[in-house]
Amino acid sequence: MEFLLEILAEEMPPDHVRAGLDQLDEGLRRELAAARIPVAALRTCGTCRRLVVLADMAEAQETQDKLVIGPSKAVAFAPDGSPTAAALGFARSQGVGVEALETVMTEKGEYVGRRKTERGKTAGEILSGILPGLIAGLSFPKTMRWGGLAFRFSRPIQGFLCLLGGAVVPFEAAGLRSGDTTTGHKIHDPRPFAVRSFEDYRAGLAERGVVIDPEARRSAILAQVESRLQPLGAKLHPDPNLLDKLVSDIESPCVVLGSFAKDYLTLPLELLSTAMREGQHLFSVVKDKKQLPYFVGVADARGDAASLIVKGNERVLRARLEDARFFWEQDLRTPLSKRAPALKQVVFQEKLGSYEDKTQRIKKVTAYLCDKIGAVQAKETAVQAAELCKLDLVTELVREFPSLQGRAGGLFARAEGFPAAVAQAVYEHYRPVGLEDESPAGPAGAVLSLADKVDTIVGVLGVGVQTTGSSDPFGLRRNALGVCKVVLDRKLSFSFPRLLDKVLAVYGDRLSRPVREVKADCLDFFAGRLRHIFERMGFRYDLVNAALGPGLEDLYFALLRVKALDKLKASPQFEPMILMAKRVNNIIRNQPAAKVNPDLLAEKAERDLHSSVTILEGNLRPMIGRGDFGQAQTVLFRIQPTLAAFFDKVLVMAEEKKLRQNRVGLLQTIARLLLEVADYSQVVVEGEKGSG
Amino acid sequence: MSMSLQDLIMSLQRYWTGQGCTLAQPYDLEVGAGTMTPDTFFRVLDRRPWRVAYVQPSRRPTDGRYGENPHRVQKHLQFQVIIKPSPSDIQRLYIESLVALGIDLAEHDLRFDEDNWESPTIGAWGVGWQVMLDGLEITQFTYFQQSGGLDLSPVPVEITYGLERLEMFLERKDDIYDLDWSADATYRDLRFREEKEFSDYNFNQADVAKLHKLFAFAEDEARSLVQKNLLLPAYDQCLKCSHVFNLLDARRAISVTERVKMIAQIRAVVTDIARRYAPAGEDA
């Protein structure tokens with residue numbers, strides 16, 4: 001039976017629409033399953049004004065056999081088989097004659113019971129009950145109230161269309177009753193119209209200027225763009241975020257192509273495309289990666305026959321480009337090097353000083369990192385870029401277009417004639433801004449990106465600014481993800497705790513919290529980010545935990561460890577080895593640290609194990625040192641038979657204390673060795689599942 | 001012949017008074033936005049219904065361009081509408097106000113684009129949109145959620161038209177100074193000299209040391225008036241603080257830390273005023 005729900009609202013932001021649809025999908029499936037309404041199909045679609053669910057579901061709850069237990073058989077029936085007062089009373093309470101009772105075997109013995117088939121409620125009744133709570137429970141990045149209501153939603157709700165098999169599912173929420181009507185395009189055809197089915201709804205909206213399916217809107221936009229740009233042999237300057245926003249925001253897509261004066265082409269592409277995107281949501285048009293004096297806009301309109309829309313946008317854009325050019329040219333008159341004093345006035349964080357202070361710190365950390373990762377050739381470039389990278393914060397251009405920070409600095413550096421590598425490093429030092437974004441392409445930019453981000457994280461944690469679920473004012477999570485991404489993308493191997501020591505030392509007494517605590521917090525924080533990244537890469541959570549167990553001495557090695565575990569997890573030795581490792585850990589748990597004295601090794605099995613371990617240790621060191629955890633594990637796994645023989649023949653917990661300590665010491669050596677490769681105690685294997 | 005700026009004002013006044021709004025007059029102090037005037041600030045705090053419309057000249061000293069920029073001015077005109085509680089068809093009423101100006105919306109692209117407004121100085125924020133007409137921002141449309149640090153209930157809706165922007169759209173002109181103020185006078189005639197002289201004053205001549213003293217005086221006065229429960233005069237002093245702050249900002253005489261501190265100082269008095277004006281749960 002077809003179910004259709006439309007929540008009609010005033011314009012919701014794209015991320016709200018996404019959040020609302022995801023929760024409706026998930027919530028409705030969950031609630032209907034709980035209410036025993038089978039759902040054959042369910043999907044969502046919508047626009048900035050409509051959250052729509054379409055489903056195919058059963059007409060009613062599945063019928064349910066129910067058994068009501070009454071008195072015990074011994075109580076219910078006399079020895080001659082005649083019903084007692086208890087049986088008669090029970091039958092009466094069930095509304096049946098005593099002959100309808102049956103004997104039921106329970107844990108406590110034989111009882112009388114009454115079996116009945118309960119007819120379910122209809123899906124309509126269920127939905128009427130579910131929907132008000134489901135709608136009120138939707139959460140959005142930001143909610144609001146309106147009118148005199150206490151109800152909260154993304155934006156004010158204007159109506160509910162809710163049909164099941166063509167009939168209205170009655171409910172009330174946000175002071176509104178559900179019905180069978182909706183309205184067309186807000187400007188072009190706002191009159192209400194009645195709907196009987198989804199097809200009716202889709203077609204009715206289409207007639208009234210609204211394309212309800214987001215994918216259809218996306219293809220319509222792209223097809224129109226293609227037909228506008230083909231004659232020019234040009235393309236859109238790609239901007240997936242902008243496209244997503246327009247697909248969500250526009251019910252009736254109409255692509256327009258406009259132009260601007262060629263004079264503005266002297267401005268950098270980044271500046272032009274930012275000026276177009278911000279405010280007017282226009283796309284840059286490029287040919288061979290060069291900006292053409294055109295823009296593409298997507299209007300929410302049926303057409304632009306009189307070219308009023310395109311002309312209006314051209315007028316507004318001209319003003320914006322004029323401003324951009326004014327700022328660009330004005331800013332170029334003051335060389336970056338002269339801007340350092342102004343940077344002293346810009347506070348990075350109250351307790352952490354100005355951006356000039358930050359610049360001095362990241363210069364030192366940049367130089368340190370270049371040495372540590374062997375990027376000696378890039379050092380001069382990176383340090384020079386560090387000196388310049390924050391200066392664009394005091395330009396008018398970045399005041400006007402804050403999203404250009406970093407990139408603007410790179411553009412100014414290039415225009416001023418700094419070496420191309422320096423300009424590039426400045427340009428890309430904010431990257432990556434998320435896991436989807438790319439890391440800096442050059443080594444100097446990568447190092448600078450790391451230094452800047454780690455400086456922020458250490459400093460902010462160091463003065464005790466709390467980062468909680470929704471509050472992350474300095475973007476620490478994004479910064480830490482950026483650090484991990486750069487390290488992993490570039491396969492950088494260096495001691496991370498020592499980098500933290502360096503940054504902490506450079507901060508000196510600016511940080512109010514004890515250095516040890518800050519460092520521990522940083523390591524925890526990064527472990528959390530790495531876990532997120534590895535799980536997103538598709539690694540099993542227990543393998544991720546195992547790989548993070550040895551600690552964050554080297555961030556890149558953590559990836560190599562999880563990869564090695566993932567590769568070996570299918571080998572036949574894997575499970576026995578894990579179980580063996582767990583056994584080792586279990587035995588030495590709570591035992592004081594002990595040293596091995598070879599002279600005290602009494603039995604052959606333990607002497608064998610000791611010599612295997614000694615050889616193994618020598619072999620493993622270089623493998624671990626170069627991050628070859630695959631081979632290290634393979635080698636490590638070879639100890640399994642010797643270890644098995646040891647457990648077989650030798651009693652670790654010997655009566656004699658010296659022998660016992662010696663054996664514990666031997667196992668502790670093995671445990672230490674294992675922990676350099678992975679924390680195997682975190683791995684979940686078949687053999688132990690379900691046993692707790 | 002398209003309508004002049006004064007026609008536009010009269011047309012909006014006619015439209016919104018037709019919707020039951022009281023026509024108030026511009027407030028006689030420098031403010032950064034129509035939102036800051038007492039007809040909005042105090043009237044949104046209590047539970048009583050309120051419908052008002054008025055023009056408010058608004059000063060943004062940093063936007064001055066010596067009369068040389070065709071779009072930016074240090075003083076512009078806002079047309080402010082406040083309706084409490086927000087009516088369920090307020091978007092339609094707004095759209096019809098544009099139609100009443102003679103704009104054929106079938107020929108244009110009208111969009112409500114996410115833009116949440118906040119004014120830390122008066123402890124206010126709201127949720128809404130900037131309304132874009134063919135790419136031009138003509139209106140800020142906001143459902144107030146808080147003002148003076150208080151949750152507002154019922155929720156007022158604020159519609160703020162940027163009159164020069166809208167007039168440039170109506171006249172299809174590229175230069176603000178070319179706008180027809182009336183049939184006989186241009187925007188240039190009325191405003192050019194003012195823009196030029198005030199830009200110089202705002203950016204170069206305003207005496208920083210005296211302004212700092214003025215700020216301290218007004219803040220002090222505001223605090224002592226609050227103690228005497230003279231809330232409207234106290235609020236006037238806060239508005240003066242706010243304007244002096246904007247002038248100091250235009251003089252680039254405020255560091256980032258000072259900025260945060262000064263805003264917090266004004267907000268502290270303003271939220272105090274709001275609390276006293278509308279004690280929680282009571283109809284003021």
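The values are calculated or read from the model by the stated rules, or taken from the named source; none is laboratory data. As the structure is a prediction and not an experimental result, all values here were calculated from the model. In this analysis, Cβ positions are derived from the backbone assuming ideal geometry, glycine residues included, and neighbour counts consider all displayed protein chains.
Being within 9 Å of chain A (Cβ to nearest Cβ) and either over 15 Å from the mean Cα position of the chain (by Cα) or within 30 Å of A:Arg302 (Cα to Cα) (or both) is the requirement here; does B:Asp46 meet it? So B:Asp46 does not fit the description; no. Is it the case that A:Ala385 is part of a helix (DSSP H, G or I), assigned by TED's automatic domain parsing to the domain that holds A:Tyr507 and buried (at least 20 other Cβ atoms within 10 Å of the Cβ)? Yes. Look at B:Phe41 and say whether it is closer than 30 Å to A:Arg318 by Cβ, in contact with a Phe, Trp or Tyr (Cβ under 9 Å, 6 or more places away or on another chain) and buried (at least 19 other Cβ atoms within 10 Å of the Cβ). Spelling it out, it is not the case that B:Phe41 is closer than 30 Å to A:Arg318 by Cβ, in contact with a Phe, Trp or Tyr (Cβ under 9 Å, 6 or more places away or on another chain) and buried (at least 19 other Cβ atoms within 10 Å of the Cβ). The single condition from (1) closer than 21 Å to A:Asn241 by Cα; (2) more than 7 Å from chain B (Cβ to nearest Cβ); (3) of a type in the set (D, E, K, R) that A:Asp300 fails is (2).
Would you mind finding the one in A:Lys502, A:Lys453, A:Lys491, A:Lys485 that is of a type outside the set (A, V, I, L, M, F, W, C), closer than 27 Å to A:Arg561 by Cα and over 24 Å from the mean Cα position of the chain (by Cα)? Write out each step before concluding.
Numbers: A:Lys453 fails: over 24 Å from the mean Cα position of the chain (by Cα); A:Lys491 fails: over 24 Å from the mean Cα position of the chain (by Cα); A:Lys485 fails: over 24 Å from the mean Cα position of the chain (by Cα).
Only one candidate passes the filter, namely A:Lys502.
Can you spot a residue in segment A:171-185 that is without any contact (Cβ under 8 Å) to a residue 60 or more places away in the chain, exposed (fewer than 15 other Cβ atoms within 10 Å of the Cβ), in contact with a helix residue (DSSP H, G or I) (Cβ under 7 Å, 6 or more places away or on another chain) and away from every other protein chain (no Cβ under 14 Å)? Looking through segment A:171-185, at least one residue is without any contact (Cβ under 8 Å) to a residue 60 or more places away in the chain, exposed (fewer than 15 other Cβ atoms within 10 Å of the Cβ), in contact with a helix residue (DSSP H, G or I) (Cβ under 7 Å, 6 or more places away or on another chain) and away from every other protein chain (no Cβ under 14 Å).
If you check A:Glu11, A:Glu31, which single one turns out to be out of contact with any Pro (no Cβ under 6 Å at 6 or more places or on another chain), within 14 Å of another protein chain (Cβ to nearest Cβ) and either surrounded by fewer than 18 Cβ atoms within 10 Å (Cβ to Cβ) or not β-branched (Val, Ile, Thr) (or both)? Before the answer, list the steps.
Numbers: A:Glu31 fails: within 14 Å of another protein chain (Cβ to nearest Cβ).
The conditions single out A:Glu11.
The residues on offer are A:Val225, A:Val168, and the sole one that is assigned by TED's automatic domain parsing to the domain that holds A:Asp22 and farther than 17 Å from B:Ser88 by Cα is A:Val168. Each residue in segment A:303-320 was checked for being more than 8 Å from chain B (Cβ to nearest Cβ) and under 36 Å from the mean Cα position of the chain (by Cα), and 1 pass.
Of all the helices (runs of 4 or more DSSP H) wholly in segment B:174-284, which have at least 1 residues that are touching a helix residue (DSSP H, G or I) at 6+ places or on another chain (Cβ under 6 Å) and under 21 Å from B:Pro120 (Cα atoms)? Even if it seems obvious, please write down each step before you answer.
Details: elements: B:187-200, B:208-227, B:231-250, B:256-277.
By residue number, B:208-227, B:231-250, B:256-277.
Residues in segment A:527-550 that are over 15 Å from A:Arg561 (Cβ atoms) and part of a helix (DSSP H, G or I): 4 in all. Within segment A:60-82, being in a strand (DSSP E or B), loosely packed, with under 15 Cβ neighbours inside 10 Å and of a type in the set (Ser, Thr, Tyr) holds for no residue. Looking only at residues of segment A:219-251 that are over 16 Å from A:Cys45 (Cα atoms) and of a type in the set (Asp, Glu), we find that the one that is modelled with the lowest pLDDT is A:Asp239.
Quick check, is A:Ile221 outside any loop (DSSP other than H, G, I, E, B), within 34 Å of the chain's Cα centre (by Cα) and either away from chain B (no Cβ under 14 Å) or among the hydrophobic types (A, V, I, L, M, F, W, C) (or both)? Write out each step before concluding.
On the way: outside any loop (DSSP other than H, G, I, E, B): yes; within 34 Å of the chain's Cα centre (by Cα): yes; either away from chain B (no Cβ under 14 Å) or among the hydrophobic types (A, V, I, L, M, F, W, C) (or both): yes.
The answer is yes for A:Ile221.
What about A:Glu617, is it acidic (Asp, Glu) and within 36 Å of the chain's Cα centre (by Cα)? It is false that A:Glu617 is acidic (Asp, Glu) and within 36 Å of the chain's Cα centre (by Cα). Residues that are part of a helix (DSSP H, G or I) and closer than 26 Å to B:Asp39 by Cβ were ranked within segment B:156-169; the one that is farthest from the other protein chains (Cβ to nearest Cβ) is B:Leu163. Restricting attention to segment A:327-349, the residues that are surrounded by fewer than 18 Cβ atoms within 10 Å (Cβ to Cβ) and within 8 Å of chain B (Cβ to nearest Cβ) total 2.
Here is a yes/no grid of residues against (1) part of a loop (DSSP other than H, G, I, E, B); (2) in contact with a Gly (Cβ under 7 Å, 6 or more places away or on another chain); (3) without any contact (Cβ under 8 Å) to a residue 40 or more places away in the chain:
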position: A:Val310; (1), (2), (3): no, yes, no
position: A:Arg315; (1), (2), (3): no, no, yes
position: A:Lys351; (1), (2), (3): yes, no, no
position: A:Thr359; (1), (2), (3): no, no, yes
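Scanning segment B:127-155 for residues that are at the interface with chain A (Cβ under 10 Å from one of its Cβ atoms) and either farther than 25 Å from B:Arg72 by Cβ or part of a loop (DSSP other than H, G, I, E, B) (or both) yields B:Val127, B:Asp134, B:Gly135, B:Tyr143, B:Phe144, B:Gln145, B:Asp151, B:Leu152, B:Ser153, B:Pro154, B:Val155. Got a number for residues in segment A:282-307 being surrounded by 20 or more Cβ atoms within 10 Å (Cβ to Cβ) and not in a strand (DSSP E or B)? Here the count works out to 3. For A:Val562, the conditions (1) at negative phi; (2) surrounded by fewer than 20 Cβ atoms within 10 Å (Cβ to Cβ) are fulfilled apart from (2). Under the condition of being more than 10 Å from chain A (Cβ to nearest Cβ), surrounded by 20 or more Cβ atoms within 10 Å (Cβ to Cβ) and of a type in the set (D, E, K, R), the residues counted in segment B:89-126 number 0.
Applying the selection to segment A:178-218, what residues are in a loop (DSSP other than H, G, I, E, B), more than 16 Å from A:Thr47 (Cα to Cα) and in contact with a Phe, Trp or Tyr (Cβ under 9 Å, 6 or more places away or on another chain)? Selection gives A:Val195 alone.
Does at least one position in segment A:568-589 carry a residue that is among the acidic types (Asp, Glu), buried (at least 20 other Cβ atoms within 10 Å of the Cβ) and in the same structural domain as A:Val652 (by TED's automatic domain parsing)? No - not one qualifying residue is present in segment A:568-589. Checked against (1) assigned to a strand (DSSP E or B); (2) hydrophobic (A, V, I, L, M, F, W, C); (3) within 14 Å of another protein chain (Cβ to nearest Cβ), A:Ala324 meets all criteria but (1).
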